[in-house]
Amino acid sequence: MINLYNEKGEIVKIDKGNLISSGSKADIYRIGNGKRIKQFRSSKRKVVVEVLKFFRDEYLNNFLKICDILYDDKDRVRAYTALEYLSSEVDLLTLSSDYLIDNLSGIVESIRRISDRLITVMDMNIWNTIVNESEITVIDVDGYVSSNDDSLRDKIYNLNIDAVKNLFINLYDDSLVRYHSTEGLTSGSMAIDDLFMVFDKDTVYKKLSRCRYPIDYLMQNRY
């Protein structure tokens, strides 16, 4: 049981429940009711409160939804609760092309809104992402940084789009390695790079227009 405070200064008692994961800077526990709590090990952990509030107050497709931000008695962020997302063993290359397009479209729209608030995404990788048959969800957002310099808007957007593009390439490369024959891995990886070379919904949709599954694109575009 931990005692922290919400933004109203009220004591919040939370039974941490089952440990989901443990890292060098924080631990994550399942607390029931479809939620989890991420507790920072040190009060010196640099967290941008405005970023946490943004992910609490906005609903963003394909990104973690924060529920409550919790503080210690010195008004320092020590934890936050969020919805829990469950992963499953899925081969992204054999899920429908519609799945890819829907998730790409959702995450690009969210990136636009995130960038409009001058927030730069950080450490976006497959280990900070939950994948299941319904969607791809980016879950580790507390390391993101924000700016007050509006002149950086375009630069931030481009950096964020590049980060998401690399995430999709790595996710589909990971499926290629884990679920498919080692023969032709190089050509398959090159086809994945080609598929996402221009990272926008219309371009990827056009490339997949005759492909029921992304694996079909790889088979048709062997290098």
Requested in this report: Name the single residue, out of those in segment 1-38 being outside any loop (DSSP other than H, G, I, E, B) and among the small types (Gly, Ala, Ser), that is nearest to Gly143 (Cα to Cα).
Outcome: Ala26
Report task. With the condition kept exactly as written, say whether any residue in segment 79-96 is part of a helix (DSSP H, G or I) and touching a Pro at 6+ places or on another chain (Cβ under 6 Å). Result -> yes
Report task. Scan segment 164-181 and give yes if some residue there is part of a loop (DSSP other than H, G, I, E, B) and either loosely packed, with under 14 Cβ neighbours inside 10 Å or among the acidic types (Asp, Glu) (or both), otherwise no. Result -> yes
Report task. Just name the residue that is modelled with the highest pLDDT out of those in segment 162-202 that are of a type in the set (Phe, Trp, Tyr) and touching a Lys or Arg at 6+ places or on another chain (Cβ under 7 Å). Result -> Phe196
Query raised in the report: Can you name every residue in segment 57-73 that is touching a Ser or Thr at 6+ places or on another chain (Cβ under 7 Å) and over 24 Å from Asn3 (Cα atoms)?
Result: Leu60, Asn61, Asn62, Phe63
Query raised in the report: So which residues in segment 1-32 are surrounded by 11 or more Cβ atoms within 10 Å (Cβ to Cβ) and hydrophobic (A, V, I, L, M, F, W, C)?
Result: Ile2, Leu4, Val12, Ile14, Ile20, Ala26, Ile28, Ile31
Query raised in the report: Is it true that some residue in segment 59-66 is assigned to a strand (DSSP E or B) and within 21 Å of Leu167 (Cα to Cα)?
Result: yes
Report summary line: Of (1) in a helix (DSSP H, G or I); (2) farther than 26 Å from Lys46 by Cβ; (3) in contact with a Ser or Thr (Cβ under 8 Å, 6 or more places away or on another chain), Glu133 fails just (1)
Query raised in the report: Only one of Val47, Val51 is over 23 Å from Val108 (Cα atoms) and either part of a loop (DSSP other than H, G, I, E, B) or modelled with pLDDT of 95 or more (or both); which?
Result: Val47
Report task. Look at Ser110 and say whether it is in contact (Cβ under 8 Å) with a residue 12 or more places away in the chain, within 13 Å of the chain's Cα centre (by Cα) and either surrounded by fewer than 20 Cβ atoms within 10 Å (Cβ to Cβ) or in a helix (DSSP H, G or I) (or both). Result -> yes
Query raised in the report: Among (1) at pLDDT below 95; (2) of a type in the set (A, V, I, L, M, F, W, C); (3) under 17 Å from Val51 (Cα atoms), where does Ile114 come up short?
Result: (1)
Requested in this report: Report whether or not Asp194 is surrounded by fewer than 16 Cβ atoms within 10 Å (Cβ to Cβ), in a helix (DSSP H, G or I) and not small (Gly, Ala, Ser).
Outcome: yes
Report task. Return the pairs, sorted by first residue and then second, in which the second residue is small (Gly, Ala, Ser) and part of a helix (DSSP H, G or I), the first residue lies in segment 179-200 and is within 21 Å of Val90 (Cβ to Cβ) and in contact (Cβ under 8 Å) with a residue 60 or more places away in the chain, the beta carbons are less than 8 Å apart, and the residues are 6+ apart or on different chains. Result -> His180/Gly188
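The values are calculated or read from the model by the stated rules, or taken from the named source; none is laboratory data. Source: prediction; values computed, not measured. When we count neighbours, we look across all protein chains shown, and the Cβ atoms used for this are built from the backbone with ideal geometry, even at glycine.
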